[in-house]
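Heads up, the thing below is written out as structure tokens.
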Amino acid sequence: ETVPTLQVDGKKCMIESDLIARYIDRISSPANALIGSSPYQRHRVEFFLSEIGDLVKAYFGLVRDPFNEEKRKSVDHNTAYIEGIIAEHQGDGPYFLDDTFSMAEVMVVPFLACFRPVLSYYCGYDIFHEAPRLKKMYVTSMQRTTVKETISKPEEYIIGFKSKVPKSHVTWSLAPGYVLFVNKYSPFSDRPRLACALKNIDLPMLEIDLKQLPSWFRWFNQRETVPTLLTPQGTYVHESQLIVHYLDDGFPEHGPALLPKDADGSYHVRFVESNVDYFMDAMYSLIKDPKNMNAKEEFDWAAGELEKLLAEHQFGEGPFFGGTTMNAADVSLVPMLVHLKACTPDLTEGQDLLANYKLLAAAAEAGLTSEAGKKV
């Protein structure tokens, strides 16, 4: 009860994918075109085909136990072994027989196309992280029309392999959808959460305890930071403001655009975001050490620049950089302002760091009382 199965002449049935592929190659014209044009090429291809099975088995093993260290090492070991075989037999590539697409690609590329998103989504594993030749073979093969026509979408593979993943897996019930990993105390997590509220995007969010970090989370983000966005294609988006931009671009039909599409507007918003970075760094330095005069000087400079930019009303009158509604610049800044207000005065030795910056204080208050802000 397996596929593929090939029925010949309405009678005989053939099973096993590699045997069927070889049979089709033999009855095609010219015959045996995919196995190599010389005895040595045929030997190279046959040897490659004889060794690829263990890598595929290792892929399946990791899917069934996504965070098992030994299973990951098995994939690492078998990947390195296949990569070594390719390096030994290949010249400049990109295919196993260099410029000739052969049975080597026919047998391995479908598994690469399948397990690349599947292992990434469920295991946080990049099958190409130590396999540049295998990756080059895959990428070049995927540009061929015949390959494109026979390969499914990443999310289809992810849902197709869901039954092999333990139901206790952290993303099992959400597959193959988006998953946003956040922490409720992190202003960085509040950025994409605020973006979702503004655009009416309903994303599943998983709370990550940063004090007792789940052991599996490091596979999804080696820096062990939040927020992290897992996409339906099995890719990961890191850095809070980059996630905001990704969501804005990926959900154009949801709510208002957070980043203007015109060059001038986009530049202005990104310029504000760059100033927010200076403000944020100085803010955290002051919270850590309120007596740090260098940090206070940097904070006042950055806050002053943001105050000036708010006063320009580039997108109309209102408490926000976006005027009456928040744009990406506000999404970048408001969570930091709210965090600062929450730390005042207990962590600032009684200082109200926003006392001299009325527009920033007003933006923080407007953000807190807005409908989107209340959802965050």
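The values are calculated or read from the model by the stated rules, or taken from the named source; none is laboratory data. All values derive from a computational prediction rather than experimental measurement. As a convention, Cβ positions derive from the backbone with ideal geometry for all residues, glycine included, and neighbour counts pool all protein chains shown.
When the residues of the range 226-256 are filtered to those that are part of a loop (DSSP other than H, G, I, E, B) and free of Cβ contacts under 8 Å to residues at least 24 places away in the same chain, the one that is surrounded by the most Cβ atoms within 10 Å (Cβ to Cβ) is Glu239. The criterion of being assigned to a loop (DSSP other than H, G, I, E, B), under 31 Å from the mean Cα position of the chain (by Cα) and touching a residue at least 40 places away in the same chain (Cβ under 8 Å) holds for Met326. Within the range 276-325, the set of residues being over 19 Å from Gly367 (Cβ atoms) and in contact with an Asp or Glu (Cβ under 6 Å, 6 or more places away or on another chain) comprises Ala282, Pro290. A Cβ distance below 6 Å, combined with a sequence gap of six or more or placement on separate chains, defines the contacts here; from the range 146-175, residues that are at pLDDT 95 or above reach residues that are charged (D, E, K, R) in the pairs Lys164/Arg64; Ala175/Lys162.
Pairs linking a residue in the range 194-213 that is β-branched (Val, Ile, Thr) to a residue that is modelled with pLDDT under 95, with Cβ atoms under 9 Å and 6 or more positions apart or on different chains, are Ile201/Gly255. Within the range 258-278, the residues that satisfy the criterion of being touching a helix residue (DSSP H, G or I) at 6+ places or on another chain (Cβ under 6 Å) and either closer than 11 Å to Ser332 by Cα or part of a loop (DSSP other than H, G, I, E, B) (or both) are Leu258, Leu259, Pro260, Val269, Val272, Glu273, Asn275, Val276.
Scanning the range 185-212 for residues that are surrounded by fewer than 17 Cβ atoms within 10 Å (Cβ to Cβ), out of contact with any Lys or Arg (no Cβ under 9 Å at 6 or more places or on another chain) and among the charged types (D, E, K, R) yields Asp202, Asp209, Lys211.
In this entry, Gly304 is excluded by the filter for residues that are assigned to a loop (DSSP other than H, G, I, E, B) and not assigned by TED's automatic domain parsing to the domain that holds Arg193.
When Gly316 is tested against (1) of a type outside the set (Lys, Arg); (2) touching a residue at least 60 places away in the same chain (Cβ under 8 Å); (3) not in a helix (DSSP H, G or I), exactly one condition is not met: (2). When the test is whether a residue is assigned to a helix (DSSP H, G or I), of a type in the set (Lys, Arg) and over 25 Å from Tyr267 (Cβ atoms), Lys374 passes it. Does Leu203 fit the bill of being among the aliphatic types (A, V, I, L, M), part of a loop (DSSP other than H, G, I, E, B) and touching a helix residue (DSSP H, G or I) at 6+ places or on another chain (Cβ under 7 Å)? Judged against the criteria, Leu203 is a match. Residues in the range 339-353 that are crowded, with 19+ Cβ neighbours inside 10 Å and either modelled with pLDDT of 95 or more or among the β-branched types (Val, Ile, Thr) (or both) were compared, and the one that is farthest from Ala295 (Cα to Cα) is His339. Looking only at residues that are of a type in the set (Gly, Ala, Ser) and not in a loop (DSSP other than H, G, I, E, B) in the range 160-181, which one is nearest to Leu203 (Cα to Cα)? For the range 160-181, the residue satisfying everything is Ser173. Does Tyr138 meet the test of being under 18 Å from Leu62 (Cα atoms), among the aromatic types (Phe, Trp, Tyr), at pLDDT 95 or above and assigned to a helix (DSSP H, G or I)? For Tyr138, the condition - under 18 Å from Leu62 (Cα atoms), among the aromatic types (Phe, Trp, Tyr), at pLDDT 95 or above and assigned to a helix (DSSP H, G or I) - is not met. Reported count of residues in the range 18-36, each being out of contact with any Leu (no Cβ under 6 Å at 6 or more places or on another chain) and touching a residue at least 40 places away in the same chain (Cβ under 8 Å), is 6.
When Glu46 is tested against (1) assigned to a helix (DSSP H, G or I); (2) crowded, with 16+ Cβ neighbours inside 10 Å, exactly one condition is not met: (2). Considering the conditions (1) under 33 Å from the mean Cα position of the chain (by Cα); (2) not in a loop (DSSP other than H, G, I, E, B), Asn294 is excluded by exactly one of them, (1). Applying the set (1) over 16 Å from the mean Cα position of the chain (by Cα); (2) within 25 Å of Leu333 (Cα to Cα); (3) surrounded by fewer than 18 Cβ atoms within 10 Å (Cβ to Cβ) to Ile159 leaves exactly one unmet item: (2).
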